[in-house]
Ligand code: AMP
Ligand code: GLY
């Protein structure tokens, strides 16, 4: 089957590898020249991924029978609606359904209206008086978020990035005046305390099939220090739970996501595609931090590396209906993904620098390499301001997967940075201890 894949990051390289595994012909649209994707694809178009009309024209000219969209920005631009209007089944949500990610006020108001569990207290602010009132109502232990998309970099947390009421007001003013995230609106939300985890699910508008849970690491530096990033790496445990996440917690999160899909359906915005839930596991169970209308990046690399079922068939079902548990099986393996990023990523990333990647060396270590936001040029691989390559170790235990990833990273050189602590035993033990303290059974 001919399949269109949109996006040029690590997540999209993982999507393309998974689609290519069952012998499909891939046609790729991306804004950077990702060598992993171009190698697998029958044809590639370098393009602004939000240029919906051109992407649809390209898809039609190639006669593709299915489309899969990686990033959120084209979804917000209505790419799935335009592809479907051109009679190309699309395994990604419409503009209206993608509002679950693209508008933080929409997602919170939807959950409230439909009584979905796992809500943090929140308030939507359109001016500075709303902000002051929200602080009076919720207290200072809050999180400030622009309503619109900011590439994972717009959220500021009290006690970490904001130290006083004045800091909160000043950041809120910035959002309102500079329209950070694309509109003069922000969400002020109760600060949740616990351990974060990601749950991704395949959805066909009606039903939802969950994938293994994953824990991402958003902070740029080791020990969870520094600014928030798109994600520096993530791990998953064999069997789908996490060392601090019980079966009950997992099912509670699945229930919240199913209820959200149902709420969207009732609002006339059928959700088709991968739904991503970012949760905080609190003393009271999982609460929603965020929804995304797509796979996570890096989390896609964790789960797609162990997907045993035919991913193209799953995408056809997300687009056309009939998704089922039997059709989406994962190998009982742990995964550790570490992102190699340009030096300075998170603050001042070094773009345009050459990095050397010894693919054979990485394969010899038994690890999987996914190229991310790099540009291939005359046989060289050059960094951009975004993440460069994801390395995934797969094994029965997280610890062994971590060692595989670490050994493989030695085959990449240049002005790069890596969070070596991701998936390490001490880090995981600290997470388990933290969760026990929060639950009060330490
Ligand atoms: P986002 O970009 O919206 O996924 O948020 C980035 C990060 O900010 C999350 O991964 C959390 O670590 C943190 N965060 C967001 N909302 C909250 C919240 N309500 N309470 C505590 N931390 C939060
Ligand atoms: N890893 C977080 C995200 O994809 O938004």
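Sorted by average packing, counted as other Cβ atoms within 10 angstrom per residue and highest first, what order do 219-225, 399-405 take?
On the way: 219-225: 15.0, 399-405: 21.9.
Averaged packing, sorted descending, gives the order 399-405, 219-225.
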Q. Using a basic spin-label model with each label point 7 Å from the Cα along Cα→Cβ, how many nm lie between residue 207 and residue 113?
A. 2.7 nm
**Q.** Within the chain, percent of DSSP bridges classed antiparallel, to nearest 5
**A.** 80 percent
Q. In percent, how large is the relative contact order of the chain, given Cα pairs closer than 8 Å and 6 or more residues apart?
A. 17 percent
Q: Kindly identify the stretch 373-436 as rounded, prolate or oblate by the Cα gyration tensor criterion: order the square roots of the eigenvalues as a ≥ b ≥ c, call it rounded if a/c is under 1.5, otherwise compare a/b with b/c, prolate if a/b is larger, else oblate.
A: prolate
Q.
How big is the stretch 50-148 along each principal axis, measuring the range of its Cα positions in Å and listing the largest first?
A. 57, 27, 18
Q) Based on the Cβ-Cβ distance from residue 313 to residue 2, what FRET efficiency comes out when R0 is 22 Å, to the nearest 0.05? A) 0.90
Q: Would you please classify the overall shape of the stretch 150-253 from the alpha carbon gyration tensor, given that a ≥ b ≥ c denote the square roots of the eigenvalues, rounded means a/c under 1.5, and beyond that prolate means a/b larger than b/c while oblate covers the rest?
A: prolate
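How long are the semi-axes of the equivalent ellipsoid of the chain, taking √(5λ) for every eigenvalue λ of the Cα gyration tensor, in whole Å from largest down? Each step should come with its number before you reach the end.
On the way: eigenvalues 189, 135, 103 Å².
Those come to 31, 26, 23 Å.
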Q | Compactness of the stretch 303-378 - radius of gyration and Dmax, Cα, Å | A | 17.4, 46
Q: Compute the Cα gyration tensor for the stretch 309-442, then decide on rounded, prolate or oblate, letting a ≥ b ≥ c be the square roots of its eigenvalues: rounded whenever a/c is under 1.5, prolate when a/b is larger than b/c in the other cases, and oblate in all that remain.
A: oblate
Q: Residues in the stretch 1-27, backbone N under 15 Å from the label point at residue 324 (7 Å along the Cα-to-beta-carbon vector): list them, ranges by number please.
A: none
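Determine the calculated [θ] at 222 nm for the chain from helices alone, applying -39500 (n - 2.57) to every DSSP H run no shorter than 4 residues and normalising by the residue count; nearest 500 deg cm²/dmol. Can you show the working numbers first?
On the way: 15 runs with 149 residues, N = 442.
Calculated at 222 nm, the ellipticity per residue is -10000 deg cm²/dmol.
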Q: Starting from the Cα-Cα distance between residue 140 and residue 183, subtract it from 0.36 nm times their residue separation and give me the gain in nm to one decimal.
A: 13.1 nm
Q.
Rg and Dmax in Å for the stretch 259-347, alpha carbons only: what are they?
A. 16.0, 46
**Q.** Label zone at residue 157 (point 7 Å along Cα-to-Cβ), backbone N below 19 Å, the stretch 263-278
**A.** 277-278
**Q.** Listed peptides 277-285, 294-302, 317-325, 95-103 by packing density, highest first (mean Cβ within 10 Å)
**A.** 294-302, 95-103, 277-285, 317-325
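Starting with the fewest neighbours, write out 337, 29, 44 ranked by other beta-carbon atoms found within 10 Å of each beta-carbon. Let's see the in-between values first.
Working: 337 35, 29 30, 44 20.
Result, fewest neighbours first: 44, 29, 337.
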Q: Once you have the Cα-Cα distance between residue 22 and residue 331, take 0.36 nm times their residue separation minus that, and quote the gain in nm to one decimal.
A: 109.6 nm
Q) For the stretch 24-91, what is the relative contact order in percent, using Cα pairs closer than 8 Å and at least 6 residues apart in sequence? A) 28 percent
Q) In whole angstrom, how long is each semi-axis of the equivalent ellipsoid of the stretch 105-157, when you take the square root of 5 times every eigenvalue of its Cα gyration tensor and sort them from largest down? A) 18, 16, 11
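I need the per residue convex hull volume for the stretch 200-350, using only the alpha carbons, in cubic angstrom as a whole number.
Taking only Cα atoms, the stretch 200-350 has a hull volume of 129 Å³ per residue.
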Q | Ordering of 423-433, 140-150, 373-383 by burial proxy (mean other Cβ atoms within 10 Å per residue, highest first) | A | 140-150, 373-383, 423-433
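Just so you know, all these numbers are worked out from the coordinates, no wet-lab data involved. Since the structure is predicted, the reported quantities are computational estimates derived from the model, not experimental observations. When we count neighbours, we look across all protein chains shown, and the Cβ atoms used for this are built from the backbone with ideal geometry, even at glycine.
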